[in-house]
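Structure in structure tokens, see below.
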Amino acid sequence: MKRELVIQLTRFGDLIQTKRLIKSLQAEGSEVHLMIDRSLGELASLVYPNVAVHPIISHGTAVGRNEIWRVMLENRKVFDELVTIGFDGVYNLNFSPMNHAVSALFDPDKVRGYRLKNGQELRDPWPDLAFRFSADRRCGINLVDFWAAFADTMISPAKVNPVPEQKGGGIGVVLAGRNSRRSLPVSTLAPLVSAARTSVESSRIILLGSSSEWESGEKLISYLPPSIAADVQNLAGKTGWADLVDVVSGFDRVLSPDTGTMHLAAHLGIPVTAFFLSSAWCTETGPYGEGHKVIQAATDCAPCMESEPCPFEIQCLQSFKSQQAARFSATGKPEHVPEEVILFESGFDALGVDYTPLHGTDHALERRKRLREFLACHLGILDIGEYGPFPEMAEKYYRDKDWITFSGKL
């Protein structure tokens, strides 16, 4: 049996979004190992019970000089164990100094993605191509599918996550994401939560988030009518990984910005209604599966760079404050979606998950469709004789070395 190692050293949501790659490797009959940051070790074992998980210390709080040696020794134990396994393939998914350093443990000719060879940082042709086409962010492919394409053969996108269905446990509300500008203020979120309760039979509402968001949860409750507030439970900061999986798995619906919990809900087959604004665009990191809804802010400046200050006073937030937004949250009808947003529904094409506009104008729709066909042909999923040629795409995205090394899948 082949043994494959996946190195995923970033965040909660990225761990979940590695699922199609891991399942694709397993479908080929490989024994899959996963290296992740130790903060996600328990969650990784819950999400991927048939994967050997190897936690290391890769990020987190700063440590003093004496602690650095302890960290190095702890990681060395894991590294020594991995080196003795003899992996047939290593899938290094993140472009970071830590990932490059870890890749040096293995034969560089067995490492896919990002690696060090003779001290030089290298990346494979597929992520190299992705760096170019993802510059048009409204046309980017979902991160799940990008990582899955590191494998020789990808499983069908429909086999990644269950078809979402209500489980009877009420509504889960994720209070905030990693970047505050990509999240709704509680004063904006509260009317949407109140309206959403009418869309399910259960009156229960569970608030989720980190311990730093507990006060925001209490503030949100104060905005709700007493009759609704009585049914709200604030679990922000009170759920470990096992508790979070257990709670989310029973919901009827999850309301969330672009967060790890949103991806966990999709993984568990729970319907998601996602709010995407600022630097978040659903074609890149939207919920994976069939039938999830995304309310996408579509101002001319979106998606922006979250590392830069907003010169427009977060104009993309305004539509979520409208009465129309609350009305849609209650009815789910496309005609109730406010102006300057697009209502997307997730579904599949040959390449992976894509998002169909149910309301609003997606100016990138045809451009994205053409790019997705080009990439599917590039990866050998579609027949270029039927869908090509793509002279404008090839001219724009390929480099001389790509033409030289082309072998059906770059």
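Counting only DSSP beta bridges with both residues in the chain, tell me the antiparallel percent, nearest 5.
30 percent
Okay, moving on. Enumerate the amide H contacts of residue 112 below 5 Å, restricted to partners 5 or more residues apart or on another chain; note that Pro and chain-start residues carry no placed amide H.
90, 91, 92
How high is the FRET efficiency from residue 73 to residue 307, r the C-beta distance, R0 41 Å, rounded to 0.05?
0.75
Here is a follow-up. Hey, if we sort 20, 70 by accessible area with the 1.4 Å probe, largest down, what's the order?
Ranking 20, 70 by accessible area, largest first, yields 70, 20.
Taking springs between alpha-carbon atoms closer than 10 angstrom, which of 290, 386, 42 fluctuates most in the Gaussian network model of the chain?
386
Can you give the FRET efficiency for residue 333 and residue 231, using 1/(1 + (r/R0)^6), R0 = 22 Å, r = Cβ-Cβ distance, to the nearest 0.05?
The computed FRET efficiency comes out at 0.35.
Nearest 5 percent is fine: what portion of the DSSP beta bridges confined to segment 245-398 is antiparallel?
Close to 60 percent.
Please list, ordered by chain and number, the residues whose modelled amide H lies under 5 Å from the amide H of residue 358; skip anything fewer than 5 residues away on the same chain.
The list, which skips near neighbours in sequence, is 343, 344, 345.
Another question, then. Using a ≥ b ≥ c from the Cα gyration tensor of segment 134-214 (square roots of the eigenvalues), is it rounded, prolate or oblate, where a/c under 1.5 gives rounded and otherwise the larger of a/b and b/c decides, a/b for prolate? Provide the component values of the computation, followed by the final result.
On the way: a/c = 2.55, a/b = 1.55, b/c = 1.65.
Oblate is the answer for segment 134-214, as a/c is 1.5 or above yet b/c matches or exceeds a/b.
Per the helix-only calculation at 222 nm, which mean residue ellipticity applies to the chain, given -39500 (n - 2.57) for every DSSP H run of n ≥ 4 and division by its residues, nearest 500 deg cm²/dmol? Intermediate results must be reported in sequence, preceding the final value.
Values: 18 runs with 150 residues, N = 410.
Roughly -10000 deg cm²/dmol at 222 nm, from the helical runs in the chain.
Can you pull the percent of segment 212-355's accessible area that's carbon plus sulfur, 1.4 Å probe, other chains left in place?
50 percent
Need the list of aspartates and glutamates near residue 77 for cross-linking: C-alpha distance under 20 angstrom, and skip anything on the same chain fewer than eight residues off.
The reachable aspartates and glutamates, counting only those whose Cα sits under 20 Å from residue 77, are 4, 37, 42, 67, 107.
Report the residue, chosen from 213, 366, 313, that carries the largest GNM mean-square fluctuation when the chain is represented by alpha-carbon nodes joined by springs under 10 Å.
313
Another question about this same structure. Accessible area per residue for the chain in Å², computed with a 1.4 Å probe and the full protein assembly in place, what is it?
Computed with neighbouring chains in place, this is 45 Å² per residue.
Using 7 Å Cα-to-Cβ label points, what is the residue 212/residue 118 separation (nm, one decimal)?
Going by the 7 Å Cα→Cβ label model, 4.4 nm.
What Kirkwood hydrodynamic radius, in Å, does segment 4-55 give when the mean of 1/r is taken over all pairs of distinct Cα atoms and then inverted?
So the Kirkwood estimate lands at 10.7 Å.
Express the carbon and sulfur contribution to the solvent-accessible surface of segment 1-122 as a percent, rounded to the nearest whole number, probe 1.4 angstrom.
C and S fraction of accessible area: 52 percent.
Here is the link list: 2/23; 19/159; 293/333; 23/159; 110/396. Which ones come out longer than 18 Å on Cα distance? Spell out each step's value before the answer.
Numbers: 2/23 14 Å; 19/159 10 Å; 293/333 11 Å; 23/159 9 Å; 110/396 30 Å.
Going by Cα-Cα distance, 110/396 fall outside the 18 Å limit.
Follow-up question, since we're still on this one. Kindly give the semi-axes, whole Å and largest first, of the ellipsoid equivalent to segment 290-410, taking each as the square root of 5 times a Cα gyration tensor eigenvalue.
Equivalent ellipsoid semi-axes, largest first: 35, 19, 10 Å.
Now for a different question. Straight distance only, please: which lysines reach the Cα of residue 219 with their own Cα at less than 22 Å, same-chain residues fewer than 8 apart left out?
Within the straight-line cut-off, residue 219 pairs with 238, 321.
Here is a further query. Between residue 137 and residue 369, 0.36 nm times their residue separation minus their Cα-Cα distance comes to what?
Computed gain between residue 137 and residue 369 is 82.2 nm.
Related question: To the nearest µm²/s, what D does Stokes-Einstein give for the chain at 37 °C and 0.692 mPa s, using the Kirkwood radius over alpha carbon pairs as Rh?
146 µm²/s
Let's test this: bin the Cα-Cα distances of segment 218-288 at 10 Å from zero up to the farthest pair and state each bin's percent.
Reading upward from the zero bin: 18, 42, 35, 5.
Taking 0.36 nm per intervening residue step and subtracting the Cα-Cα distance, what contour gain separates residue 358 from residue 159 on full extension?
Taking 0.36 nm per residue and subtracting the Cα distance, the gain is 69.2 nm.
What residues qualify as long-range amide H neighbours of residue 390, i.e. H under 5 Å apart, gap of 5 or more or another chain, H built at 1.01 Å from N?
Residues meeting the criterion, in which the H sits 1.01 Å from N, do not exist here.
Cα atoms only: what Rg and Dmax, in Å, come out for segment 50-165?
That works out to 17.0, 51 Å for Rg and Dmax.
Just by accessible area at a 1.4 angstrom probe, what is the order of 281, 214 from largest to smallest?
214, 281
Further question: I want to verify a result. In a Gaussian network model of the chain, Cα cutoff 10 Å, which of these has the top mean-square fluctuation: 76, 38, 204?
Looking only at 76, 38, 204, the biggest GNM fluctuation is shown by 76.
Further, regarding this structure: Say R0 is 30 Å: what FRET efficiency, to the nearest 0.05, do residue 243 and residue 348 get from their beta-carbon distance?
After rounding to 0.05, the efficiency reads 0.45.
The values are calculated or read from the model by the stated rules, or taken from the named source; none is laboratory data. The structure presented is a predicted model; accordingly, all values stated were derived computationally and were not measured. Cβ: placed from backbone, ideal geometry, glycine included. Neighbour counts: every protein chain shown. Each accessible area value is taken on the protein alone, full model and side chains, heavy atoms only, with ligands, DNA and RNA left out. Shrake-Rupley method; radii C 1.70, N 1.55, O 1.52, S 1.80 Å.
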